[in-house]
1. Using just the helices of the chain, give the 222 nm mean residue ellipticity in deg cm²/dmol: DSSP H runs with n ≥ 4 each add -39,500 (n - 2.57), and the total is spread over all residues, rounded to 500.
2. Once the Cα atoms of helix 316-326 and of the chain are each reduced to a long axis, what angle between those two axes, in degrees from 0 to 90 to the nearest 10, is obtained?
3. Counting pairs of alpha carbon atoms under 8 Å apart in space and at least six apart in sequence, what relative contact order in percent does the chain give?
4. Need one number: % antiparallel among DSSP beta bridges in the range 28-184, to the nearest 5.
5. Label the range 26-154 by shape, choosing from rounded, prolate and oblate, from the square roots a ≥ b ≥ c of the eigenvalues of the Cα gyration tensor; if a/c is under 1.5 it is rounded, and otherwise prolate applies when a/b is larger than b/c, oblate when it is not.
6. Hull surface divided by four, with the convex hull built on the Cα atoms of the range 188-267: how many nm²?
7. If the label point is 7 Å along Cα→Cβ of residue 44, which residues in the range 104-126 have backbone nitrogen under 17 Å from it?
8. Of all DSSP beta bridges in the chain, what percent run antiparallel (nearest 5)?
């Protein structure tokens with residue numbers, strides 16, 4: 001296996017299916033609509049800088065009409081103790097199609113993603129399924145995964161990569177992923193503040209530490225050798241950094257945030273390691289120009305690393321396949 005390092009990019013494409021339990025449309029609607037402007041610009045930037053990326057798509061986004069959606073719901077639905085986590089409780093709010101409801105439909109973007117070089121479409125579950133919230137079961141998770149696999153196959157996508165919503169990784173569910181053809185998933189950073197937990201376990205100290213860690217290196221670079229990724233039962237490609245969106249309140253610290261990422265990228269390139277950057281398209285929905293300039297600054301730095309250290313860009317499927325080829 002090559003010793004050159006690599007940037008992995010993954011995106012959680014969920015729109016309102018991922019925020020319905022925490023925010024209302026009145027609170028978050030502008031960001032969701034902004035994502036519809038952000039995605040084409042991201043794809044253009046990915047193409048310009050030859051960035052390979054995995055888009056973890058919520059299956060419920062992939063339908064053209066509400067009627068089509070209702071016809072393909074899983075037979076077994078999650079039985080969360082907190083019903084607010086279930087999108088099925090709110091299907092009456094969904095419009096007839098994407099033109100009527102831009103918050104719950106995203107099928108129009110799948111073609112643009114598929115037509116952009118080196119972009120992979122993976123799974124972010126069918127219903128933004130929370131694997132660590134109380135009440136849900138493995139049978140419900142499998143039904144959800146099958147529903148997502150089915151709609152992606154209808155859209156000519158072979159599902160190989162998996163991103164757990166809220167990074168709520170349940171290792172007992174990895175065997176289910178393997179059973180249905182998934183070869184890799186995005187794991188969590190190896191530090192206590194990033195450990196998988198449910199919504200009720202989000203301690204204020206963890207949140208505060210993660211915030212500071214975006215600007216100052218408190219927890220390390222979170223880079224790793226590709227060949228040392230855990231492979232049982234499927235390949236773990238852990239996150240290195242969530243790309244926090246631009247904030248007017250924190251704008252004086254933007255150079256610290258950028259340098260935090262650049263320094264870790266340089267470390268990965270020098271060591272021949274992986275740096276896995278991820279975010280949600282709707283994170284760019286507000287302050288779009290500032291967020292795009294920030295992202296381009298990262299990619300400009302990656303271009304330097306490509307020339308200086310033979311750094312490369314990989315999506316999750318490509319990274320997993322490199323590992324698999326090494327072990328044939």
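1. Numbers: 9 runs with 123 residues, N = 328.
Theoretical 222 nm ellipticity from helices: -12000 deg cm²/dmol.
2. 60 degrees
3. Numbers: 581 pairs, mean separation 95.8, N = 328.
Dividing the mean separation by the residue count of the chain yields 29 percent.
4. Values: 1 of 8 bridges.
For the range 28-184, the DSSP antiparallel bridge percentage is about 10.
5. Numbers: a/c = 1.82, a/b = 1.51, b/c = 1.21.
Prolate.
6. On the way: hull surface 25.7 nm².
Reported value for the Cα convex hull: 6.4 nm².
7. 109, 112-113, 115-117
8. 5 percent
Throughout, read-outs are computed from the coordinates displayed, never taken from laboratory work. This one's a predicted model, so the numbers in the text were calculated from it and none came from an experiment. Positions of Cβ are backbone-derived with ideal geometry, glycine not excepted, and every protein chain shown enters the neighbour counts.
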